[in-house]
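First comes the structure, then the notes that go with it.
The values are calculated or read from the model by the stated rules, or taken from the named source; none is laboratory data. Note that the coordinates shown come from a computational prediction; the quantities given were computed from them, not determined experimentally. For neighbour counting, all protein chains shown are included, and Cβ atoms are generated from backbone atoms with ideal geometry for every residue, glycine included. SASA here: full protein model, heavy atoms, side chains in, ligands and nucleic acids out. Shrake-Rupley method; radii C 1.70, N 1.55, O 1.52, S 1.80 Å.
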Amino acid sequence: MPAALRRRTPRGTPATGRSLRLPLSSCVVAAVVLAVVLVPLLVPLDEQAVDMTNKLHAPSLAHPFGTDDVGRDVLLRCVYGLRVSLLVGVVAALTATVIGTAVGAAAGAAGGRTDRMVMRVVDVFSSVPHLLLGIFIVAMFRPGVWPVVISVGLTHWLSTARIVRAEVLSLRSRDFVDAAVSGGASRWRVGVRHLLPGVLPQAGLAAVLMVPHAIWHESALSFLGLGLPTHRASLGNMIQDARGTLLAGDWWPTLFPGLFLIVPTLAIASLAGVWRERINPRRRSELML
């Protein structure tokens, strides 16, 4: 390696960061999954119950994350809210990935005028901000989980469509695809047997990367009062409800829902980054320089 490149790379830093990122992120994601699965089974939550005698108690042994302005346990509601966010994030990401993969694969495989028309439609949808379009979609339904899933799923497939289309166009120029076409394989067979398996890793990576984005989107809609009903445990609802208590000096009803929103999404994004480096070794080698 040239001396100039060696000087720009601090010894041990990149390798150490990558070696710690995977186990730490994996532990966080595993803990989150166990919490959202086991806690609701062990500790049921009445989301409409209030206890004004426990109003705004600071973190303690009885309530490790304290209580909110109507006496509800912040830790328990954070776990329930994270469960809703993960449900919305995973289902919406899968929905958007299926739509984006179908559109991108169809455009790339068809080529020509069809490809240009489909991508112009994608460009039109991309010109509208995701949140604005999501608000318009959610406003047509009653507040609930599934309107948010539909909103996020219908507004986040565009990047996946572009990624899949680019991958299909790259695969179409490969020798094995030319050999299959020369051998008399139909367009459907070429797409199913050769093109689709080639784009699945990129589509899967796009789905994982979309989960944090979908979680943030759901929290933003709930914060604006357009997501889940206000009595439902949602991280966005909790942060919205705690704004007044933060101004009064009670920090815990805002801090802990924010941490439950930020830490798991960063862990998921970190795992997706590791996956991206493994399926694209060239990019990883470029980052190491």
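Here the Karplus curve 6.51 cos²θ - 1.76 cosθ + 1.60, taken at θ = phi - 60°, turns the phi angles of region 259-266 into couplings of 5, 5, 7, 7, 5, x, 5, 5 Hz, with x standing for Gly and Pro. Report, in whole Å, the centroid distance computed from the Cα atoms of region 210-232 and region 70-144. Between the Cα centres of region 210-232 and region 70-144 lies a distance of 12 Å. Once the convex hull of all Cα atoms in region 228-269 is built, its volume per residue stands at 66 Å³. All C-alpha pair distances within the chain, sorted into 10 Å bins from zero, spread as 6, 22, 26, 22, 15, 6, 2, 0 percent across the bins.
Count Lys and Arg as plus one, Asp and Glu as minus one, and take only other residues whose Cβ is under 15 Å from that of ASP68; the net charge is then -2.
Computed over Cα pairs, the Kirkwood radius of region 102-231 leads via Stokes-Einstein (0.692 mPa s, 37 °C) to a diffusion coefficient of 200 µm² per second. Probing with 1.4 Å while keeping every protein chain in the model, the per residue accessible area of region 12-154 equals 54 Å². Helical content of the chain, expressed as a calculated mean residue ellipticity at 222 nm, amounts to -24000 deg cm²/dmol (DSSP H runs of 4 or more residues, -39,500 (n - 2.57) each, divided by residue number, nearest 500). Charged neighbours of ASN54, selected by a Cβ distance under 15 Å, balance to -3 (K, R count +1; D, E count -1).
Within region 29-136, the proportion of C-alpha pairs whose separation exceeds 23 Å stands at 54%.
Quick one: with all protein chains in place, what share of the accessible area of the chain is carbon or sulfur, to the nearest percent (1.4 Å probe)? About 67 percent, which is the carbon plus sulfur part of the accessible surface. For the listed peptides 226-238, 115-127, a ranking on the average number of other beta carbons within 10 Å per residue, highest first, reads 226-238, 115-127.
In terms of packing, defined here as the mean over residues of other Cβ atoms within 10 angstrom, the peptides 59-66, 88-95 line up highest first as 88-95, 59-66.
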